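Comments concern the structure below.
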Amino acid sequence: QVHVVESGGGLVQAGGSLRLSCAASGRTFSDYTMAWFRHAPGKEREFVAAIIWSGSVRMYADSVKGRFAISRDNAKNTVALQMNSLQPEDTAVYYCTAAKRYYYGRDSGEYDLWGQGTQVTVSS
């Protein structure tokens, strides 16, 4: 079975931090870009961060640049999103996803494997 599972969400005060984790299985995920998207009520799904298969190149949405950091451990088949200086506008369900092979970018349509999401709630 091919799947990804997110964990690590929770309730945090503004200015706090959370670390999200994504466990992937069913593919050789080292060949695929991995990314995090988020979806808040009443808003469109939003790109957050992506990391290339080698881990040497990363990209971030402007809204999280300097606050969030994406990383991956191909040996463990995991991806993490370290989120610092969280703000209420970061409140959303966060999804981990794997891209179609060799894709690297922000287009959600190029990612074809999605987890169930983990809720992040930031209070003021």
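The values are calculated or read from the model by the stated rules, or taken from the named source; none is laboratory data. Just so it is clear, the model here is predicted, and its values are computed rather than measured. Every residue, glycine as well, gets a Cβ built from its backbone with ideal geometry; the counts of neighbours run over all protein chains shown. Note: accessible area is taken over every heavy atom of the protein model, side chains too, but ligands, DNA and RNA are not part of it. Shrake-Rupley method; radii C 1.70, N 1.55, O 1.52, S 1.80 Å.
Brief remarks on what is shown
- The sole residue among Ala75, Ala99, Ala80 that is aliphatic (A, V, I, L, M), more than 14 Å from the chain's Cα centre (by Cα) and closer than 18 Å to Arg27 by Cα is Ala75.
- Breaking point among (1) touching a residue at least 40 places away in the same chain (Cβ under 8 Å); (2) closer than 15 Å to Asp73 by Cβ, for Ile51: (1)
- Looking only at region 85-104, and only at residues there that are at pLDDT below 95 and assigned to a loop (DSSP other than H, G, I, E, B), the one that is least open to solvent (accessible area, probe 1.4 Å): Tyr103
- Residue count for region 27-48 satisfying the condition of being assigned to a loop (DSSP other than H, G, I, E, B), over 19 Å from Gly9 (Cβ atoms) and in contact (Cβ under 8 Å) with a residue 60 or more places away in the chain: 3.
- Number of the condition not met by Glu44 [criteria: (1) loosely packed, with under 15 Cβ neighbours inside 10 Å; (2) at positive phi]: (2)
- Any pair with Cβ under 9 angstrom, 6 or more apart, that starts in region 61-84 at a residue that is on the phi < 0 side of the Ramachandran plot and in a strand (DSSP E or B) and ends at one that is open to solvent by 60 Å² or more (accessible area, probe 1.4 Å) and of a type in the set (A, V, I, L, M, F, W, C): Arg72/Trp53
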